[in-house]
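Structure first, then comments.
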Amino acid sequence: MREIIFDTETTGLDSRDDRVIELGGVELVNRFPTGKTFHHYINPQGRAIHAEAQAVHGISAADLAGKPTFAEIAQEWLDFTDGAKLVAHNATFDIGFLNVEFGRLGHPNIDPGLVVDTLALARRKHPMGPNSLDALCRRYGIDNTKRTKHGALLDSELLAEVYIELIGGKQAALILDSATAPAQGENIRHIEIIVAERPRPLLPRLTEAERAAHAAMVATLGEKALWLKASSSEAGAATSS
């Protein structure tokens, strides 16, 4: 199973008018990072960056001078994500921006069935919150000290660790590939484990006082008490032996 954990940074909050200025992602295969990443700063083609947004991600218009436009990196992103699920924190925001950007290029919307929202996962698992990316890093002991500003690639790398924790992915399953799985009809060797009997039974650890206290308690339970049946069975076994 292939998944892309991704994040965007934008000029503002309105996907209809603002633009994506940073896009980053990391690849997971069977919930393990492969080391493959995607990252681009993107020229917003004259769209100003809101001061509030710049305070969050620290990206200025000067930083984006000479960077490629979204149209120039779109196919690279499509190739990187082809056939994979897309995982984002508050995915509605990021997918909304990407759909508008791709819509400008005549590309169809992203299939919502391929999208996983880690914010929704976190809210179900931790309904009392908080469930921001920083809060989840603290909850799971993930080092986010380098995150002084939001950044698409760094946030994707942190989110990949959070996502694995949210889904319990550190309990790795045993996967048999074609090289190690037995062929059809091939015998599978079973290992028999033999547990030897003790040469000498362990000494009882109950004291006579504890036995007497137990017997007094059982006597108060009535004639149908299960403990009375168990006691009579043990007594019969001891007599027969």
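The values are calculated or read from the model by the stated rules, or taken from the named source; none is laboratory data. Because the structure is predicted, anything quoted here is derived from the model rather than measured. The accessibility values were calculated without ligands, DNA or RNA, using every heavy atom of the protein model including side chains. Shrake-Rupley method; radii C 1.70, N 1.55, O 1.52, S 1.80 Å.
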Accessible-area order for Tyr140, Tyr163, largest to smallest, probe 1.4 angstrom, reads Tyr140, Tyr163
Got a number for the accessible area of Val56? Probe 1.4 Å, square angstrom, nearest 10. 60
Other-chain or far-sequence residues with amide H under 5 Å of Gly58's (modelled H): none
If amide H atoms are built 1.01 Å from N in the plane of the peptide, which residues on other chains or at least 5 residues away come under 5 Å of the amide H of Val116? Leu86, Val87, Ala88
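Using the Kirkwood radius over C-alpha pairs as Rh, can you work out the diffusion coefficient of the stretch 1-146 via Stokes-Einstein at 4 °C, viscosity 1.567 mPa s, in µm² per second?
Working: Rh = 16.3 Å.
Approximately 80 µm²/s, per Stokes-Einstein.
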What whole-number distance in Å separates the alpha-carbon centres of the stretch 1-65 and the stretch 84-119? 13
Could you give me the ³J(HN,Hα) list for the stretch 132-143, computed from phi with Karplus coefficients 6.51, -1.76, 1.60 and θ = phi - 60°, whole Hz, x at Gly and Pro? 5, 4, 4, 5, 5, 4, 5, 4, 9, x, 9, 6
5 angstrom amide H check on Glu22, placed H, neighbours 5+ away: Glu9, Ile42
Subtract the Cα-Cα distance of Lys85 and Arg205 from 0.36 nm times their separation in residues, and report this length gain in nm to one decimal. 37.4 nm
Need one number: the % of Cα-Cα pairs in the stretch 1-49 sitting beyond the 18 Å mark. 41
